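The values are calculated or read from the model by the stated rules, or taken from the named source; none is laboratory data. What you see is a predicted model; the values in this text were computed from it and never measured. No Cβ is skipped: glycine too gets one built from the backbone with ideal geometry, and neighbour counts run over all protein chains shown.
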Amino acid sequence: MVPSSAVLADLHSHTNRSDGSHDPAELVEIAAQRDVGILAVTDHDTMAGVADALAAGRAIGVQVIPGIELSIKVPHGSMHLLGYFNEPAPDPLSGLIAGFGEIRTERAREMVDRLNDLGVPLDWDDVVNGAAGAPLGRPHIAEALMRAGHVTERKEAFDLYLADGGPAYVGSDGLGVEEGVQLVRESGGAPVLAHPATLKLDDPHLDPFVGRLKQAGLVGIEVHRPEHTPDQFARYGALARKYDLIPSGGSDYHRPTSPHHPGATGNPPLAVDTADRLLAAVLG
Ligand code: AMP
Ligand code: ZN
Ligand code: FE
Ligand code: FE
């Protein structure tokens, strides 16, 4: 149900339980200040922030949607799959989350090894401690690179070493494409393709790939994202219509100032019934 006070929805956000900078209650507070009445918390490969966000949301009148952003193994570019649920610990997904963390640790270790080989030494313990228990991701490595004085800002760490295809980049070794979509569905959730642009597929390849995802059980695709150009908005909107997918999206908010994710929570605004429609598509 949509609370009557809701003026905006945001279905993509991160907390410090993955690579965001706010704890879950703070994130919900920021969302409320920006008139977001419906907020999905979608941390990378974990739902550890969902319970606290739900509690904060109940206290201040924000409807929090339990979510996750799963890393998917693809041969080119990178793929993230969002999942939305009506409970904070959906099975079988929740039982697999610890394993996702281990896969992320191994991947981060490999990226740190590559940096060492590139003559950019990093202390592994500093990387691990900086993440404070969150599943390790590239932003944690970028922060360690800043602390070690190798770069002055996060963006520089990505531009020089960590961006998709960069010299220290290692892709995800997690779930396969169909496996990810099916896992979300089996767990009672709505799978949505995040930021289709990072797949790095041109139109003739993206179209059948989205068809393949739809066949596997995909119900939505991110059309509304702060960095989308009018052309991307039109292309992904057309794919949504062609494959009968719900046009979704959100800010992908991580922290107050981020050139990579320029939207603050609630920006761009999304139709307030989007989460209801996504969940109705899978729950009937
Ligand atoms: P990972 O899950 O380890 O692959 O890291 C993905 C996260 O890294 C994204 O959600 C962003 O927070 C961040 N990220 C990816 N690319 C960039 C970039 N070019 N500049 C800054 N941050 C980025
Ligand atoms: Zn992130
Ligand atoms: Fe993502
Ligand atoms: Fe994200």
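Side notes on the structure shown:
- All positions within segment 233-270 that are more than 16 Å from ligand 2 (Cβ to nearest atom), touching a Lys or Arg at 6+ places or on another chain (Cβ under 8 Å) and of a type outside the set (Ser, Thr, Tyr): Asp244, Leu245, Ile246, Gly266, Asn267, Pro268
- Take the conditions (1) away from ligand 1 (no atom under 15 Å from the Cβ); (2) crowded, with 18+ Cβ neighbours inside 10 Å; Leu81 misses just one of them, which is (1).
- Residue count for segment 31-73, restricted to those that are surrounded by fewer than 18 Cβ atoms within 10 Å (Cβ to Cβ) and either within 30 Å of Gly176 (Cβ to Cβ) or within 16 Å of ligand 4 (Cβ to nearest atom) (or both): 2
- Test for Asn129: is it free of Cβ contacts under 8 Å to residues at least 40 places away in the same chain and closer than 23 Å to Ser258 by Cβ: yes
- First in segment 214-236 and without any contact (Cβ under 8 Å) to a residue 12 or more places away in the chain and closer than 18 Å to Asp203 by Cβ, second anywhere and surrounded by 18 or more Cβ atoms within 10 Å (Cβ to Cβ) and β-branched (Val, Ile, Thr), Cβ under 9 Å, 6 or more apart: Phe233/Val223
- Test: residue in segment 30-41 that is touching a strand residue (DSSP E or B) at 6+ places or on another chain (Cβ under 9 Å) and within 16 Å of ligand 1 (Cβ to nearest atom): yes
- Hey, Gly61 among the small types (Gly, Ala, Ser), more than 14 Å from ligand 2 (Cβ to nearest atom), in contact (Cβ under 8 Å) with a residue 40 or more places away in the chain and in contact with a Pro (Cβ under 9 Å, 6 or more places away or on another chain) or not: yes
- Within segment 164-198, the set of residues being within 11 Å of ligand 1 (Cβ to nearest atom) and under 16 Å from the mean Cα position of the chain (by Cα) comprises Asp164, Gly171, Ser172, Gly174, Ala194, His195, Thr198.
- Any pair with Cβ under 7 angstrom, 6 or more apart, that starts in segment 257-276 at a residue that is within 17 Å of Gln33 (Cβ to Cβ) and at pLDDT 90 or above and ends at one that is away from ligand 4 (no atom under 14 Å from the Cβ) and hydrophobic (A, V, I, L, M, F, W, C): Thr265/Ile30; Thr265/Ala31; Thr265/Val36; Gly266/Leu8; Gly266/Ala31; Gly266/Val36; Pro269/Leu8
- Residue satisfying condition, being farther than 18 Å from His195 by Cβ and more than 15 Å from the chain's Cα centre (by Cα), within set Ile60, Ile97: Ile60
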